[in-house]
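Participant: Pasting a structure below so you can have a look.
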Amino acid sequence: MKIVTIVGARPQFIKAEAVSRAIRECNEKKDRIHEILVHTGQHYDYPMDKVFFEELELPRPDYHLGVGSGSHGRQTGIMLERIEAVLQKERPQVVVVYGDTNSTLAGALAAAKLRIPIAHVEAGLRSYKPAMPEEINRLLTDHVSTLLFSPTDQAVRNLVKEGIRNGTTRIVKNVGDVMYDSILYYSTVAEKESRILHDLNLFDPQSAFRNPQYYLATLHRAENTDDPNRLKSIFRALNKIGEKTPVILPLHPRTKKMMKVHRLLFTFKNVKFIRPVSYLNMLLLEKHAKAILTDSGGVQKEAYWFGVPCVTLREETEWVETVRGGWNVLAGASVKRIVKAVSQTKGRRRCLKGNKIFGEGKAGQKIVRILTRHFG
Ligand code: UD1
Ligand code: UDP
């Protein structure tokens with residue numbers, strides 16, 4: 001069986017790794033799957049791109065399309081043209097796309113026009129906020145896909161509401177979350193290999209157990225970065241929280257760009273800005289944080305899996321399961337709400353053993369099994 005995998009943005013390297021690993025495991029028994037990896041080049045800075053190929057067990061891309069940044073239409077359009085050329089040459093039985101970025105939509109559209117079946121990993125997620133670029137990407141991708149691999153029951157229900165259900169023409173399955181596979185596989189590796197807590201001097205010398213004492217924050221959603229009022233308000237909140245306890249923020253290039261535009265760089269002295277970190281470093285930073293503040297989808301889930309309280313800097317989330325029970329709190333961009341939400345997280349860590357909402361960490365294997373059954 002020949003499959004083409006399309007990736008391009010940071011979270012897709014992590015998601016695709018889980019499936020690639022399962023493909024390799026499957027091939028060890030019997031060489032059955034030929035995966036061709038296509039990198040659109042949507043993310044290209046070393047800490048947003050190459051570091052993941054060096055650190056994770058991901059194959060090198062067979063095609064690098066070098067698309068880079070641009071407006072939505074231009075970026076997606078160039079990807080569409082270049083992906084089409086690859087698919088015409090390779091003629092795979094299926095194209096696998098991940099998540100909801102412009103690389104996802106371009107991959108899905110290129111395959112749909114060539115009548116090649118599409119497998120969408122992380123199908124069925126919805127924010128019900130039509131203005132969000134990711135909502136457009138995931139909605140369109142789901143509607144042209146043949147195999148819809150959802151991470152939760154809720155995601156399957158969202159698809160059913162739109163008339164997309166398991167049947168003779170489509171496979172719709174809750175396989176669990178591929179990012180959960182990755183966190184289970186890499187978190188012990190991170191404990192052994194990452195030096196980030198020492199490098200950033202995050203141990204409290206007063207603590208008998210030398211526990212790290214810091215908050216971790218990430219911010220990159222367009223709705224926050226492109227609205228100067230929201231951006232300023234979130235940073236004011238982080239700066240206030242940072243008066244007492246360090247706030248570490250690996251800065252996404254989009255946010256850095258917008259902070260420059262609005263002259264906000266160097267304004268918030270209590271926030272420790274660092275370059276985007278590698279996956280292993282990120283896992284360690286997440287695992288030992290007092291709480292995480294984020295607008296990232298992946299980071300909300302990782303906070304949940306580590307049992308670390310999360311304050312989401314958005315008005316809604318696709319990951320509604322994490323909000324149930326109050327473990328993830330939606331605080332938007334208001335200083336008051338964010339500061340209050342963080343103050344309420346004190347001492348709230350928990351153990352998540354036995355919780356199967358996002359599967360058992362075998363999503364990659366399930367996806368590969370279904371693909372081989374269908375196309376093998
Ligand atoms: C993209 C995805 C978003 C995902 C995020 C993961 C879309 C529409 N958005 O957002 O869903 O959550 O990736 O991180 O696909 N830039 C650099 N270097 C890079 C990459 C980007 O400097 O390596 C800068 C450029 O100025 C670029 C901006 O960041 O214009 C935004 O990059 P882009 O890939 O368009 O969107 P993200 O905000 O990264
Ligand atoms: N991540 C990382 N380094 C960072 C920030 C995030 O490795 O500096 C990882 C994070 O652990 C998660 C993924 O990137 O696995 C989330 O990607 P991102 O926040 O860019 O996108 P989203 O999940 O919101 O689409």
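The values are calculated or read from the model by the stated rules, or taken from the named source; none is laboratory data. Given the structure is predicted, the values throughout are model-derived calculations rather than measurements. In this analysis, Cβ positions are derived from the backbone assuming ideal geometry, glycine residues included, and neighbour counts consider all displayed protein chains. Ligands, DNA and RNA are stripped out before the accessible areas are found, and what is left, the full protein with its side chains, is counted by its heavy atoms. Shrake-Rupley method; radii C 1.70, N 1.55, O 1.52, S 1.80 Å.
Participant: Give me the percent relative contact order of the stretch 1-99, please, defined on Cα pairs under 8 angstrom at least 6 residues apart.
Facilitator: 40
Participant: How do Cys310, Cys26 stack up against each other in accessible area, from largest to smallest, with a 1.4 angstrom probe?
Facilitator: Cys26, Cys310
Participant: What is the Cα centroid distance between the stretch 256-275 and the stretch 73-112, reported in whole angstrom?
Facilitator: 34
Participant: Provide the per-residue ³J(HN,Hα) series for the stretch 118-130, in order, calculated from phi with Karplus coefficients 6.51, -1.76, 1.60 and θ = phi - 60°, each as a whole number of Hz, with x at glycine and proline positions.
Facilitator: After applying 6.51 cos²θ - 1.76 cosθ + 1.60, I find 10, 10, 9, 8, 5, 6, x, 6, 9, 9, 6, 10, x Hz.
Participant: Something else: Given Val19, Pro61, Cys310, which one lies farthest toward the positive end of the charge dipole of the chain, if we put +1 on the Cβ of every Lys and Arg and -1 on the Cβ of every Asp and Glu?
Facilitator: Of the listed residues, the answer is Cys310.
Participant: Once each part is reduced to its C-alpha centroid, what is the distance from the stretch 146-200 to the stretch 1-35 in angstrom?
Facilitator: If you average the Cα positions of each part, the centres end up 14 Å apart.
Participant: When a/c is below 1.5 the answer is rounded, else prolate if a/b is larger than b/c, else oblate, so apply that to the stretch 61-155 with a ≥ b ≥ c taken from the square roots of the Cα gyration tensor eigenvalues.
Facilitator: It is oblate, given that a/c is not under 1.5 and a/b is not larger than b/c.
Participant: Along Cα→Cβ, 7 Å out, is where each label goes; now give me the distance between the ones at Ile136 and Ala85 in nm to one decimal.
Facilitator: Simple spin-label model gives 2.5 nm for this pair.
Participant: Near Lys256, within a Cβ-to-Cβ distance under 12 Å, what is the net charge of the other residues, with Lys and Arg +1 and Asp and Glu -1?
Facilitator: That works out to +3.
Participant: Just reorder Tyr180, Tyr46, Tyr98 by solvent-accessible area, largest first, 1.4 Å probe, all chains present.
Facilitator: Sorted by accessible area, descending: Tyr46, Tyr180, Tyr98.
Participant: Still on this structure, please answer the following. Normalised by the number of residues in the stretch 62-129, what is the relative contact order in percent for Cα pairs under 8 Å and 6+ residues apart?
Facilitator: 31 percent.
Participant: Heavy-atom accessible area per residue, the stretch 250-376, 1.4 Å probe: how many Å²?
Facilitator: Using a 1.4 Å probe on heavy atoms only, each residue of the stretch 250-376 averages 45 Å².
Participant: Quick one, could you list the DSSP H helices from the chain stretching 24 Å or more along their long axis (Cα atoms) with average Kyte-Doolittle hydropathy of -1.0 or above?
Facilitator: 10-29, 72-90
Participant: May I pose another question? May I ask for the net charge around Arg82, where only other residues with Cβ less than 14 Å from the Cβ of Arg82 are counted and Lys, Arg are +1 while Asp, Glu are -1?
Facilitator: Spelling it out: positives minus negatives among the neighbours equals -1.
Participant: Positive end of the charge dipole of the stretch 4-123 (Lys, Arg +1 and Asp, Glu -1 on Cβ, about the Cα centre): tell me which of Leu87, Tyr46, Val121 has its Cα farthest that way.
Facilitator: Farthest towards the positive pole: Leu87.
Participant: If the only charges are +1 at each Lys and Arg Cβ and -1 at each Asp and Glu Cβ, what is the size of the charge dipole of the stretch 183-256 around the Cα centre, to the nearest 20 debye?
Facilitator: 200
Participant: Could I ask something else about it? Rank Thr255, Trp327, Leu148 by how far each Cα sits towards the positive end of the charge dipole of the chain (+1 on Lys, Arg Cβ; -1 on Asp, Glu Cβ) and give me just the farthest.
Facilitator: Highest projection toward the positive end goes to Trp327.
Participant: Where Lys and Arg each count +1 and Asp and Glu each count -1, what net charge lies around Ser182 among other residues with Cβ under 13 Å from its Cβ?
Facilitator: Net charge in that neighbourhood comes out at -3.
Participant: Filter the cross-link list Lys301/Lys356; Lys15/Lys260; Lys244/Lys346; Lys15/Lys362; Lys89/Lys366 down to pairs whose alpha-carbon distance in this structure exceeds 20 Å.
Facilitator: Flagged as over cut-off: Lys15/Lys260; Lys89/Lys366.
Participant: I'd like the GluC sites (Glu not before Pro) in the stretch 173-282 restricted to DSSP loop residues with at most 15 other Cβ atoms within 10 Å, sorted by number.
Facilitator: Answer in residue order: Glu243.
Participant: For the chain, give the magnitude of the charge dipole about the Cα centre (Cβ charges: +1 Lys/Arg, -1 Asp/Glu; no others), in debye to the nearest 20.
Facilitator: With Lys and Arg at +1 and Asp and Glu at -1, about 820 debye.
Participant: Mind checking the dipole of the stretch 1-73: about its Cα centre, +1 per Lys or Arg Cβ, -1 per Asp or Glu Cβ, Debye to the nearest 20?
Facilitator: Once rounded to the nearest 20, the dipole reads 280 debye.
Participant: Under the definition of Cα pairs under 8 Å and six or more residues apart, what whole-number percent is the relative contact order of the stretch 40-194?
Facilitator: 15
Participant: What is the spin-label model distance, in nm, from Ala222 to Gln93 if the labels are put 7 Å beyond Cα along the C-beta direction?
Facilitator: 3.6
Participant: With the chain treated as a Gaussian network of Cα nodes joined by springs under 10 Å, which of Lys340, Lys29, Lys301 yields the largest mean-square fluctuation?
Facilitator: With Cα springs under 10 Å in the chain, the top fluctuation among Lys340, Lys29, Lys301 is at Lys29.
Participant: Follow-up question, since we're still on this one. Springs between alpha-carbon atoms under 10 Å, Gaussian network over the chain: tell me which of Asp31, Asp295, Asp181 tops the mean-square fluctuations.
Facilitator: With Cα springs under 10 Å in the chain, the top fluctuation among Asp31, Asp295, Asp181 is at Asp31.
Participant: Among Asp62, Asp49, Asp100, which one shows the highest mean-square fluctuation when the chain is modelled as a Gaussian network with alpha-carbon springs under 10 Å?
Facilitator: Between Asp62, Asp49, Asp100, it is Asp62 that shows the largest mean-square fluctuation.
Participant: Moving on to the next point. In nanometres, what is the gap between the two model label sites at Asn239 and Leu184, each 7 Å from Cα along Cα-to-Cβ?
Facilitator: 4.4
Participant: Sticking with this structure for a sec: Could you please state how large a percent of the accessible area of the stretch 281-376 is carbon and sulfur, counting protein chains only and using a 1.4 Å probe?
Facilitator: Exposed carbon and sulfur together represent 53 percent of the surface.
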